[in-house]
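Here's the structure, in structure tokens; my notes come after.
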Protein chains: 2
Amino acid sequence: MKAEIIAVGSELLTPDRLDTNSLYITGRLNRLGISVERKTVVGDEHKQLSDAFRESLSRADLVIATGGLGPTEDDLTREALSETLRRKLAINHEVLHGIEARFRRMGRPMAERNARQAMVPEGASVLQNQNGTAPGLWIESDGHIVILLPGPPHELKGIFAEQVEPRLARLAGGMRLHARELRTVGVPESDLDERIAPIYKRYGDVQTTILAGMGEIQIHLRTWSKDGDAAEQMLSELVGYITQALGESIFTVSGQSMEEIVAAELTRNRATIAVAESCTGGLLAERLTRIPGSSSYFLGGVVCYSNEMKTAWADVPMALIEARGAVSPEVAQALATGIRLRTGAALGIGITGIAGPGGGTPEKPVGLVHIALADAAGCTERAARFPGDRERIRWFASQTALDMVRRHFLHITDTKPARPGAAQG
Amino acid sequence: MKAEIIAVGSELLTPDRLDTNSLYITGRLNRLGISVERKTVVGDEHKQLSDAFRESLSRADLVIATGGLGPTEDDLTREALSETLRRKLAINHEVLHGIEARFRRMGRPMAERNARQAMVPEGASVLQNQNGTAPGLWIESDGHIVILLPGPPHELKGIFAEQVEPRLARLAGGMRLHARELRTVGVPESDLDERIAPIYKRYGDVQTTILAGMGEIQIHLRTWSKDGDAAEQMLSELVGYITQALGESIFTVSGQSMEEIVAAELTRNRATIAVAESCTGGLLAERLTRIPGSSSYFLGGVVCYSNEMKTAWADVPMALIEARGAVSPEVAQALATGIRLRTGAALGIGITGIAGPGGGTPEKPVGLVHIALADAAGCTERAARFPGDRERIRWFASQTALDMVRRHFLHITDTKPARPGAAQG
């Protein structure tokens, strides 16, 4: 089945707003084996709208339009579609009573204009909206299906999940998406593709998409089948081969974020952590504490821009800073060791570097960052020169620090006493 | 002049990618008084593409297509347009030499397939690409203009700014956009519109758009004119009335971020700041240090989740925490005062609260946050109950803290010794 999406709204034709509803809809349609062939954005104008409906209906089996179902005179989606399909629009009294009841529950009188939202084209089925006044509509015409949904995302998603998806699933005849999402860190995109293209190309039934993000690359594997077990088995096999090729640069095979993975490792290993940051300015602490329940492993963090604070909060010797400079491997290690001892954490991280745009020198250029990880056995340190602007440099530095924590747990060996539930990676 | 934008690329029809180039293009076109009437996304398929070109040309004066100019067989934009316009495609030797020279500079042989990128439709002018191999193309046909641009944003922007914009400006005949962007904090959207709608409705020539963001509302004012002075005067007058209506909830009239405004106030007042955060986990320090040069006012920050760290790093008396609880106005004030004294900063901020999803109680529910600001004269404190999930609660808390710093400087009075360059707001 081929679908098109029409997003309605003049605000979507300004420099400030994108149609993001279509991403959600595309994801849900893809799960049912339905592909999206075209997306159109049109303003709140009758002729533009009816043209768009007519064109999409000439090409697609399924047309989903979002927005333009509000109570004001600008909201013309219902009218334009009725005209295109030559269906009469009439008040649906059940819908009207529902809208009136909603206003009563909120203790407000229903404005006259809200009655517009109860107008339904002949032959349409009404898709109830639990989160707003405008219902969705499902209309069949000449073997095509048109679905109108309100623009506010929580209203649209509620209607789609509860009422559109089950009906489309019946039409799709049991076809289902099976998917995996791998994420990697530390391998450039071109290298990565060179290593895994010979593998995924052997799996013609699996659609492979490689997306580069900030400090990580995602590998999306998707296949559609009525035979779920076979599809899952094929994906597991493919994931196995890709994992062999990329090794520990893969940090998840199930679409988890780096923060989630690090949180899971800390929790599994019953380890605690503390951080002393300079150039990342709190970003590492912020990412570690994004995860609910992080207070069980995150003992604390300090943001020490000045040399005084590096000494006061993480016991970095002033003499060391003077001898090596604040941006140096030695100071990164002293920050990591100092914050670890201060807080009694199992792991300490220290970061010092030059996020720019100012402050760089030929020896210590913008983008140079030293990151150290300390545990009871000692300290490891990495130096990197990250490209890009201040925001990117700070992000890459925090990503590298989180990745060092992840790799630390991969390398825990049997020399440490085994603990119940500890991951042996 | 009316424009349409066609974004080409099958990846733009997946759940993972949006066409963001159209926002940039729309913004630049709007500056010249050119409106965008429709946006279309199509995949890399010959028929889909030529249909899209034909339809857009039947409606718009100007059609801008992005993407599909690469060297592979999937890249069909040139071919589809040539067919639609019935123009022959031929190698342009100047373009070909340029591509060959580019490869020589990179020390790599030019692959055969890259010659495709030198194919130019009859009668087209070539728009040189400083940042990549595919040139842009400008084609006029029956009074319409079609512009093809490569998809990578930095290539597209370079060509647009250097070559497309000057040519379009000549056609637009001196019409220019004049704009203001106000941002407010602390006023709900419906209240805000009720207060300012009677004002902006008097200015029919100014297009007013209200956009709600995370913890702030933006008011975009835009007008087009050949008479720049008159337009600027009108906008200044309108901004003046809106400012009267909304008062100090407006934090910028020129589109600056809250972080930039706070950084400017700290710098102007030669003040320093330090923070002690619990539930925001480093987010406030991270936002304060996003701004280049923040080391001149940001003395340091601590993230103290545990009671021990609140005591160790910000001198919060353990007895106070036991008596009032870690989430209390008293502990927020002790954090603010403690971190201020510890670091010697002019201002100290303390934040403590419950970001959720766990940890709430009937007396201290999820979303309850206490924020305190300390200076030499004492301490002010605000309690708020923020809605939403963990991410939103943390964001709102950091936004409120930054806003308290901003308002602090608005209220500096003459009782303090005047310093050169100090703002008297």
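The values are calculated or read from the model by the stated rules, or taken from the named source; none is laboratory data. The model shown is predicted, which means the values in this text are computed figures rather than measured ones. Because the Cβ atoms are built from the backbone with ideal geometry, glycine has one as well, and the counts that use them run over all protein chains shown. Ligands, DNA and RNA are stripped out before the accessible areas are found, and what is left, the full protein with its side chains, is counted by its heavy atoms. Shrake-Rupley method; radii C 1.70, N 1.55, O 1.52, S 1.80 Å.
Which of the strands (runs of 3 or more DSSP E) found entirely inside region A:303-421 contain at least 2 residues meeting this: charged (D, E, K, R)?
A:378-385
For residues that are touching a helix residue (DSSP H, G or I) at 6+ places or on another chain (Cβ under 8 Å) and either hydrophobic (A, V, I, L, M, F, W, C) or open to solvent by 70 Å² or more (accessible area, probe 1.4 Å) (or both), tally how many sit in region A:102-121.
The qualifying residues number 7.
Pick out the one residue from A:Ser22, A:Ser82 that is without any contact (Cβ under 8 Å) to a residue 60 or more places away in the chain, open to solvent by less than 50 Å² (accessible area, probe 1.4 Å) and within 14 Å of another protein chain (Cβ to nearest Cβ).
It is A:Ser22.
State which residue is farthest from the other protein chains (Cβ to nearest Cβ) when the search covers only region B:306-323 and only residues that are touching a strand residue (DSSP E or B) at 6+ places or on another chain (Cβ under 7 Å) and surrounded by fewer than 24 Cβ atoms within 10 Å (Cβ to Cβ).
B:Ser306
Restricting attention to region B:47-68, which residues are in contact with a helix residue (DSSP H, G or I) (Cβ under 7 Å, 6 or more places away or on another chain) and under 20 Å from B:Ser141 (Cα atoms)?
B:Leu49, B:Ser50, B:Phe53, B:Arg54, B:Glu55, B:Val63, B:Ile64, B:Ala65, B:Thr66
Can you pull out every residue in region B:207-233 that is under 30 Å from B:Ile393 (Cβ atoms), more than 13 Å from chain A (Cβ to nearest Cβ) and out of contact with any strand residue (DSSP E or B) (no Cβ under 7 Å at 6 or more places or on another chain)?
Going through region B:207-233, the residues under 30 Å from B:Ile393 (Cβ atoms) turn out to be B:209-220.
From what's left, more than 13 Å from chain A (Cβ to nearest Cβ): B:214-216.
Within region B:207-233, B:Met214, B:Gly215 meet the criteria.
Which of (1) within 14 Å of chain B (Cβ to nearest Cβ); (2) touching a residue at least 24 places away in the same chain (Cβ under 8 Å); (3) more than 24 Å from A:Glu122 (Cα to Cα); (4) open to solvent by 20 Å² or more (accessible area, probe 1.4 Å) is the odd one out, the single condition A:Asp44 does not satisfy?
(3)
Which one is farthest from A:Thr280 (Cα to Cα) among residues in region A:337-370 that are in contact (Cβ under 8 Å) with a residue 60 or more places away in the chain and open to solvent by 50 Å² or more (accessible area, probe 1.4 Å)?
A:Gly344
Please go through region A:142-163 and pick out each residue that is within 25 Å of the chain's Cα centre (by Cα) and crowded, with 22+ Cβ neighbours inside 10 Å.
Selection gives A:Leu149, A:Pro150, A:Gly151, A:Leu156, A:Ile159, A:Phe160.
Scan region A:137-149 and give yes if some residue there is assigned to a strand (DSSP E or B) and of a type in the set (Phe, Trp, Tyr), otherwise no.
yes
Residue-wise test of (1) in contact (Cβ under 8 Å) with a residue 24 or more places away in the chain; (2) open to solvent by 10 Å² or more (accessible area, probe 1.4 Å); (3) farther than 25 Å from B:Arg390 by Cα.
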position: B:Ala264; (1), (2), (3): no, yes, yes
position: B:Arg268; (1), (2), (3): yes, yes, yes
position: B:Thr272; (1), (2), (3): yes, yes, yes
position: B:Gly282; (1), (2), (3): no, no, no
position: B:Glu286; (1), (2), (3): no, yes, no
position: B:Pro292; (1), (2), (3): no, yes, yes
position: B:Phe298; (1), (2), (3): yes, no, yes
position: B:Gly301; (1), (2), (3): yes, no, no
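If you check A:Gly33, A:Gly27, which single one turns out to be without any contact (Cβ under 8 Å) to a residue 24 or more places away in the chain, under 15 Å from A:Glu165 (Cα atoms) and surrounded by fewer than 20 Cβ atoms within 10 Å (Cβ to Cβ)?
A:Gly27
Where residues in region B:165-187 are in contact (Cβ under 8 Å) with a residue 40 or more places away in the chain and part of a helix (DSSP H, G or I), which of them is surrounded by the most Cβ atoms within 10 Å (Cβ to Cβ)?
For region B:165-187, the residue satisfying everything is B:Leu168.
Among the residues of region A:47-75, which ones are open to solvent by less than 10 Å² (accessible area, probe 1.4 Å) and within 11 Å of another protein chain (Cβ to nearest Cβ)?
Scanning region A:47-75 gives A:Leu49, A:Ala52, A:Ser56.
Name the residue, out of A:Ser236, A:Ser190, that is within 14 Å of chain B (Cβ to nearest Cβ) and surrounded by fewer than 16 Cβ atoms within 10 Å (Cβ to Cβ).
Criteria check complete, one pass: A:Ser190.
Taking the condition within 30 Å of A:Leu23 (Cβ to Cβ) and either surrounded by 13 or more Cβ atoms within 10 Å (Cβ to Cβ) or out of contact with any Gly (no Cβ under 6 Å at 6 or more places or on another chain) (or both), does A:Leu96 pass?
It is false that A:Leu96 is within 30 Å of A:Leu23 (Cβ to Cβ) and either surrounded by 13 or more Cβ atoms within 10 Å (Cβ to Cβ) or out of contact with any Gly (no Cβ under 6 Å at 6 or more places or on another chain) (or both).
Count, please, the residues in region A:241-296 that happen to be part of a helix (DSSP H, G or I), facing another protein chain (nearest Cβ under 9 Å) and touching a Lys or Arg at 6+ places or on another chain (Cβ under 7 Å).
Counting residues in region A:241-296 that are part of a helix (DSSP H, G or I), facing another protein chain (nearest Cβ under 9 Å) and touching a Lys or Arg at 6+ places or on another chain (Cβ under 7 Å) gives 1.
Out of region B:193-220, which residues are open to solvent by less than 50 Å² (accessible area, probe 1.4 Å), of a type outside the set (Ser, Thr, Tyr) and not in a strand (DSSP E or B)?
Those that are open to solvent by less than 50 Å² (accessible area, probe 1.4 Å), of a type outside the set (Ser, Thr, Tyr) and not in a strand (DSSP E or B): B:Ile196, B:Ala197, B:Ile199, B:Val206, B:Gly213, B:Gly215, B:Glu216.
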